[in-house]
Structure formats: structure tokens, C-alpha cells
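Contents: one structure, followed by commentary.
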Amino acid sequence: MVIAGRLDHFAIAAEDTGAMVKWYGRVLGLVVHAEAGPNPPATQKVYLIGPPIMSGPRQAGAEGIKQGMMIEVMPRNESPRAKRQSHDPGISHAAWYVADFDGALTHLKREGVSLLSDVIKAVGGGRIISFSDCEGNMMQIVERV
């Protein structure tokens, strides 16, 4: 029995949720589909961000949560951030499919994003490159051919 139809979201505990949401909007074009809080004792909001709604006008909103592929950006706790390497145990990175790899890579460079690797062959075909978000979480863009 298949119980998992698609990835709905993964979560990042952020130092500054508002700044992270703005970074993902500027760099990857993600939009806010839902927000809540702050929920005391937290002082920052929680957001669900993802690609704009794909059918109809490219927009954000409640309909966007139904398409999945989101990041929940939530306030971090006071625990110190552990330094991670790409192959440490646990979730390593999130990879975002792009239709125009060269254009997306040019955009990342123009935005001053910290690239963590050279362009390499992706498992299953295509190209991939790793980069850090504004708080050091590893992300990738990937093309599929």
C-alpha cells in the first residue's frame, strides 16, 4: 500500500523566519502560502512557503498548500546549531527542480549565493549544484533530462 503520495513540506528552524522567507522569495521565487503566530513563547511567525500556484495566475495563498513542495519556516530554539557536512547522518539537503538550469545558476551567482560545489552529474541524469541558503542550510538546483 502506498501511503505517501508526494512530499508536502519539510521544515527549517530558522534564526530569523521573516528574513529567511524573504531570501527564499528573492533567490528561488518561493511565495508564502500560509502563516501563523507568533505562538508564545516564540516571537516570530511560522510560514509555509513554496512555488507559486501553478494553475491560473502565479500567486500565493491557501490553494498553494495543496500542491506540496513547501518549506515550513519556523523559529529555532536556543540549542546551538551543529556544524554539518553533506554526508553526515540525517537529512542532508533539499533539491529544487529547475526547467532552465543555466539561467537558474546565473541567477544564483547574481544573487551572491554561496555555491558549495561545482556542477556535477545528477543521479538519474541531468546536472546538479549545491548551495547554502541565508542561514547555511544546504540546497540544490537540479535539471532532469
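Restricting region 120-134 to residues that are among the aliphatic types (A, V, I, L, M) and closer than 14 Å to S86 by Cβ leaves a set whose member that is surrounded by the most Cβ atoms within 10 Å (Cβ to Cβ) is I129. Can you work out which of the residues in region 1-20 that are in a helix (DSSP H, G or I) and not small (G, A, S) is surrounded by the fewest Cβ atoms within 10 Å (Cβ to Cβ)? Among those residues, the one meeting the criterion is M20. The residue that is farthest from D8 (Cα to Cα), among those in region 31-49 that are touching a Lys or Arg at 6+ places or on another chain (Cβ under 7 Å) and not in a strand (DSSP E or B), is P38. Residue count for region 21-63 satisfying the condition of being over 26 Å from S130 (Cβ atoms), surrounded by 18 or more Cβ atoms within 10 Å (Cβ to Cβ) and modelled with pLDDT under 95: 2. The residue of region 80-104 that is farthest from the chain's Cα centre (by Cα), among those that are small (G, A, S) and modelled with pLDDT of 90 or more, is G103. Examine region 105-112 for a residue that is at pLDDT 95 or above, closer than 22 Å to V21 by Cβ and either in a loop (DSSP other than H, G, I, E, B) or among the polar types (S, T, N, Q) (or both), and state whether such a residue exists. Among the residues of region 105-112, at least one is at pLDDT 95 or above, closer than 22 Å to V21 by Cβ and either in a loop (DSSP other than H, G, I, E, B) or among the polar types (S, T, N, Q) (or both), which makes the answer yes. Among residues belonging to region 110-119 that are surrounded by 11 or more Cβ atoms within 10 Å (Cβ to Cβ) and of a type outside the set (S, T, Y), point out the one that is farthest from G25 (Cα to Cα). Among them, the one singled out is V119.
The values are calculated or read from the model by the stated rules, or taken from the named source; none is laboratory data. Note that the coordinates shown come from a computational prediction; the quantities given were computed from them, not determined experimentally. Glycine also receives a Cβ, built like all others from the backbone with ideal geometry; neighbour counts cover every protein chain displayed.
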